[in-house]
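Below: one structure, written as structure tokens.
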Amino acid sequence: MLGAVAGAAVVAATVVPLDRPGLGWPLATLVATAALVTAARAKSTPAATAAPAAPADATATAPAPAESGGDAAGVARPDATGAPGRAARLAWTAATIALVSVGYVRAAGWLFALCLLAAVVTGALAVVGARTPLGMLAAVALTPAAPFRALPWAVRGARRVGPAASTLRRALATGAASVGLLLVFGLLLASADAVFADLLTGALPEVGVGGAVGWLFRVALVGGGLLGAAYLVIAPADLDRLRVAPARSVRRLEWAVPLALLDALFAAFVLVQLAVLFGGSAHVLRTAGLSYAQYARGGFWQLLAVSALTLLVIAGAARWAPRTTRADRVLVRVLLGTLTALSLVVVASALYRMQVYADAYGATRLRLVVAAVELWLGALFVLVGVAVLLLRAGRLPVLVVGTAVLALLGLAAVNPDRLIAERNVDRHRQTGRIDVSYLSGLSADAVPALTRLPEPLRSCALRDLAGTLPADGAWTANLGRATARDLLAAGPIGAPAVDCGNR
């Protein structure tokens, strides 16, 4: 098992490009996944299950008792080996691979960074398999410390004499022989054909002191992460037993009166918003002489905060409101259901304001991201509404994370930088105004939309993008950058004879 982890670390460190999104990222993720699957299968053997002698130590910081999966029988906790636990882990694994694969499809570095952060969370959940709120938080918190906790276990496993050590030695010998053969024949074939030499040069890592140090750093980083993940896979902690203690219910009036007043406040606000949504420009222009853009800019961020705070209010009311009698349950459904329904109108109002704002000032990354967040909050309100009607919220934490992952993948699917460029190009055709300096700072994903601009604006927008477009090798291959290169080659960029400022 340690041999699989070491081999995966070497391969992943070789193919992953730390400086840009590229094909190496999903390849490294697939290799790491294969190594962890090998570790999961190996935990049923006596040699593997006896190795992590301190799995109970891994749960020593947990506030509740936990079971270890590293006993002599090799039996992990029931929810980690049963169908529900296996299905959840497979789902989180698929989500992790999909998030990292965005690096091959999209060239936008900011989008890939968000996907990587989300992949860290989904990867931790795939390894640990927690499903309760505290269990999921503990899984994310325990994962960074896992490599340090796994070091003593790895040292003991490396020193063990037996079939596993013999297998490791044979694997190392096989690897050394393979590297030697590939090196000799690869050099000969590369010297025989220039095209093959270029392909081989792009596939191999940089050779030199700086390249070697960077490669060793990647091996240590990836290897440590894989070692910690393998440790958690072989000796899983039962984090699902971590639960919040039952809250003491408050009296009916103590929670119903404030919530009813909040419902009334939301209802009054929603009536105003309905007038805005259906009243058109006449209503807005009569509101203190504001324009559409001024009205939108003055309230979107506040409505975004209201949407997020409302979810906290609903969570608190659901926790402390009594549900012992039928009247209590009806009251919970009515008050929380009303607040959830009214909150959806608040979300719609915020989205409408952002749409007006973008039409007036142009689309940007920040405006697109916050609109996506608002859509995600709207989806959460729908899920909360269903949970309130059913009075069941057991699966809500998993759905919250799952919908966040789907929202991020949906954002990647619409190609945000290209969408932003298209919106601004269409706006230029209607109004004649465009921020060329901002558009030239987008990623290569925006090139197909920017080529629609007339000259000299096209050259103004694409000149900086073309100058910063890097050459890709085998592991840095990216569809967004490849498409941009083809378009730029088909239509060369001239030297603008005018100032490329805002227009």
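The values are calculated or read from the model by the stated rules, or taken from the named source; none is laboratory data. All of these numbers come straight from a predicted model, not from anything done at the bench. Cβ sites come from the backbone with ideal geometry, for glycine too, and all protein chains shown count toward neighbours. We work out accessible area using only protein heavy atoms, side chains counted, and drop any ligands, DNA or RNA first. Shrake-Rupley method; radii C 1.70, N 1.55, O 1.52, S 1.80 Å.
Specify the residue that is nearest to the chain's Cα centre (by Cα); the eligible residues are those in the range 401-446 that are closer than 24 Å to Ala482 by Cα and acidic (Asp, Glu).
Per the stated criteria, the residue is Asp417.
Taking Leu469, is it assigned to a helix (DSSP H, G or I) and at pLDDT 85 or above?
Working: assigned to a helix (DSSP H, G or I): no; at pLDDT 85 or above: yes.
Taking the combined requirement at face value, the residue does not satisfy it.
Residue by residue through the range 89-107, note down the ones that are touching a Ser or Thr at 6+ places or on another chain (Cβ under 6 Å) and outside any helix (DSSP H, G or I).
Correct list: Ala107 only.
Only one residue in Arg433, Arg392 is open to solvent by 10 Å² or more (accessible area, probe 1.4 Å), part of a loop (DSSP other than H, G, I, E, B) and closer than 27 Å to Asp263 by Cβ. Which one? It would help to see each step written out before you state the result.
On the way: Arg433 fails: closer than 27 Å to Asp263 by Cβ.
Going through Arg433, Arg392 in turn, the sole match is Arg392.
Restricting to the range 178-192, and then to whatever is of a type in the set (A, V, I, L, M), modelled with pLDDT of 75 or more and surrounded by 10 or more Cβ atoms within 10 Å (Cβ to Cβ), can you tell me which residue is nearest to Ala4 (Cα to Cα)?
So, considering only residues that are of a type in the set (A, V, I, L, M), modelled with pLDDT of 75 or more and surrounded by 10 or more Cβ atoms within 10 Å (Cβ to Cβ), the one nearest to Ala4 (Cα to Cα) is Leu181.
Can you name every residue in the range 343-355 that is closer than 23 Å to Ala260 by Cβ and crowded, with 22+ Cβ neighbours inside 10 Å?
Within the range 343-355, Ser343, Val346, Val347, Ser349 qualify.
Residue by residue, here is whether (1) at pLDDT 75 or above; (2) surrounded by fewer than 16 Cβ atoms within 10 Å (Cβ to Cβ); (3) acidic (Asp, Glu) holds:
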residue	(1), (2), (3)
Ala171	no, yes, no
Ala176	no, yes, no
Asp198	no, yes, yes
Thr201	no, yes, no
Gly214	no, no, no
Leu232	yes, no, no
Glu254	yes, yes, yes
Val272	yes, yes, no
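Of all residues in the range 436-456, which are buried (at least 20 other Cβ atoms within 10 Å of the Cβ) and touching a residue at least 24 places away in the same chain (Cβ under 8 Å)?
Val436, Leu442, Ser443, Ala444, Asp445, Ala446, Val447, Ala449, Leu450, Leu453
Would you call Gly316 within 17 Å of Val386 (Cα to Cα), modelled with pLDDT of 80 or more and surrounded by fewer than 18 Cβ atoms within 10 Å (Cβ to Cβ)?
no
For Val16, state whether it is at pLDDT below 90, more than 28 Å from Leu368 (Cα to Cα), open to solvent by 40 Å² or more (accessible area, probe 1.4 Å) and not charged (D, E, K, R).
The answer is no for Val16.
Just a yes or no: is a residue in the range 356-370 without any contact (Cβ under 8 Å) to a residue 12 or more places away in the chain and open to solvent by 10 Å² or more (accessible area, probe 1.4 Å)? Lay out the reasoning, then the answer.
Start the filter on the range 356-370 by keeping residues that are without any contact (Cβ under 8 Å) to a residue 12 or more places away in the chain, which leaves 366.
If we keep only those that are open to solvent by 10 Å² or more (accessible area, probe 1.4 Å) too, we end up with 366.
Checked the range 356-370: at least one residue is without any contact (Cβ under 8 Å) to a residue 12 or more places away in the chain and open to solvent by 10 Å² or more (accessible area, probe 1.4 Å).
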